[in-house]
Structures are given as C-alpha cells and as structure tokens.
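Note sheet for the following structure.
The values are calculated or read from the model by the stated rules, or taken from the named source; none is laboratory data. Here the structure is a predicted model, which is why all the values come from computation and not from measurement. Please note: Cβ atoms are built from the backbone with ideal geometry, for glycine as well, and neighbour counts cover all protein chains shown. When the accessible area is computed, the model is the full protein with side chains, heavy atoms only, and any ligands, DNA or RNA have been set aside. Shrake-Rupley method; radii C 1.70, N 1.55, O 1.52, S 1.80 Å.
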Amino acid sequence: LPLGESFISDAPELIAAPEQTSSLVWEGIHHSSENSEDDTPSPIIDAGQLPILASGVPSTGTKILYVVRSFEGRYESRLSLQARSWMQNLQPENESVMVASQSAPGEGKARLGTMFSTLPSGVKSTFLTPECELNDHGMGLCCQEAHALVAAARKKEFHPFDWAFVIDDDVFVSTSILREVVANYDHSSPVSIGTLGCVSDQVPGFCGGGGYLISRPALEQLVELPNFMSRYMALCKKTMFCDIVTASLLNTANVTTLSDGHFRPWGYHDDKSFSKSPLSNDASDMEIVRRFHR
C-alpha cells in the first residue's frame, strides 16, 4: 500500500487503494460526551453557497502548517510514528510542522529533534513548550492549542503559511488529499474547515478528531480578539474541549466555519483491510496505522 494516505473513504473497498480514496484523516473515537442528544440541528453550512470557494485554476503552491498537539509521554509512541509515516510525504517548499506540547520534567527537545530528523530534507519543524498548569486532555490541551495558535499567527517564522491544520498526535493524514481540499477554498478569506456538529455544555463547535483547517486571515482575527488567552481558557473550563473552544471563538471573531466531508473525526475501525491477521475489537487506530505501513 502507498505510504501516507490519511483521509479514509466511506467505501470500505477503496481502503486497499488509498490513492483512490476521498477522505483525509482518521483518529481514535472520542468526544462521545460532546455530541448533543437534543434535536438542535448541527450548524453545518453548505460551502457551495459561499463566496469562499477558490475560483479558476487551483494553486499548487499553497502553504500548510501542521499543528500537532502532543505530550512528552507520547513522543515515541505517536509522534515518531507520524514522522515515519505520512509526514514523509510533506513538501519542504510548502509544508512545515509545529508540535504544540508543553514543558514537563525531562522535556526532551533533543529527543524530538532526533525523531524529526527523519523528515524529508528541508521540512521545517518547531516545538512549542509553554508552561501550562495542567497536563491533561482538557485544560492542558487547551493551553497547548491556544499558545500554538498565537505563535502561528504572530511569530515571523510562521508567516509563509496559508493554512494551519490542527490535529492530534494519533491522527493519520493523507497529505495529497489535504492539498486537494485546500485548493477548493480561498485562503485569503477568514474561513475554517472541519467537522461541525459537536456540542459541549451547550457550546457548539468542531468535532476535532479529524483535524480542522484555519486560514491565515481567520487565525489572525481569532488571536486578535480582546483578552484572547484568558477567554480561551475560561471557555475551556466550561466545555473542556479545545476543538469546541477554537470553533466557538472563531465564530466570535466573524470567521466562517464550515464542514467538509473529507474529515473522519470518529476514526476508522476494520478487522480485515489492513492486515491478514485480524484485529481484536479493542485494537487502536495506531495499531492499524502500524499494519498499514508494514
């Protein structure tokens, strides 16, 4: 199987030929507590009715910054696998990686540097390690993402990118299909694209397991909200999910948020497509990735 195709098609028979698939990312199932069980319709907008679609011939030089949320304890088990699999398909002239982590005892930038030395020559990588009060999937992850968004928008070394793509360290990306997706949208418009419909404590937002794209103008509008960091963390304390918080504040910042069917926020589970030996019912998505790359 070809390396690095991470958007998985709705049609299982296409999994054996990733170059034919039409979906981008899969990730482990989560956010079950986020999904609203009432009759409120999901705030999904038909992108075809909006003026943010790209017109004419799609650009082949669109620049993407991959923002990967991770923790120190997951560097070897998850980030390393990403670096050795789909990140091998990154284009040095257009794509770069930012690891949104946090400081911790034994924080190993040297280990990260060694790990990412396997990336294609010329691919730039940056590691952010802010001081966060908690190291968890709630407030800790929100702290990491908020600092990463600010750094991406304001630090000069990140100015060349057109899109930031925010993902977790257990997400597998098809870089080729992601490039096709961004070519359909105008990166000069304030727009963010993911999977809408998840709700936490009555706050709607992204179902972020499959990642979400944020155009540079959208990111700049977001972080320029008054008291951005304190507002971000206060809303996280209420919702406990960074993807909900980011989407909610993007809307506050007058950014258009959209759903795109290429993303797979709830993962992909199959016991036959990736290996001759069956997977157990509790097999992780990362084990599926390992078998995919054997």
task = Could you identify the single residue in 197, 209 that is part of a strand (DSSP E or B) and at pLDDT below 95?
result = 197
message = If I filter the range 172-190 for residues that are modelled with pLDDT under 95, open to solvent by less than 10 Å² (accessible area, probe 1.4 Å) and assigned to a strand (DSSP E or B), do I get at least one hit?
response = yes
query = Can you find even one residue in the range 243-251 that is open to solvent by 50 Å² or more (accessible area, probe 1.4 Å) and either at pLDDT 95 or above or of a type in the set (Val, Ile, Thr) (or both)?
reply = yes
query = Would the range 253-266 turn up any residue that is open to solvent by 50 Å² or more (accessible area, probe 1.4 Å), assigned to a loop (DSSP other than H, G, I, E, B) and at pLDDT 95 or above?
reply = yes
Long-range neighbours under 7 Å by Cβ, at least six apart or interchain, first residue under 23 Å from residue 240 (Cβ atoms) and free of Cβ contacts under 8 Å to residues at least 12 places away in the same chain within the range 139-156, second surrounded by fewer than 24 Cβ atoms within 10 Å (Cβ to Cβ) and of a type in the set (Gly, Ala, Ser) = none
Where residue 96 falls short, out of the listed (1) under 27 Å from residue 266 (Cα atoms); (2) of a type in the set (S, T, N, Q); (3) modelled with pLDDT of 90 or more; (4) out of contact with any strand residue (DSSP E or B) (no Cβ under 8 Å at 6 or more places or on another chain) = (4)
note = Counting only residues in the range 197-212 that are surrounded by fewer than 24 Cβ atoms within 10 Å (Cβ to Cβ) and not small (Gly, Ala, Ser), the one farthest from residue 254 (Cα to Cα) is identified as 201
message = Restricting to the range 213-242, give me the number of residues that are surrounded by fewer than 24 Cβ atoms within 10 Å (Cβ to Cβ) and either part of a loop (DSSP other than H, G, I, E, B) or charged (D, E, K, R) (or both).
response = 10
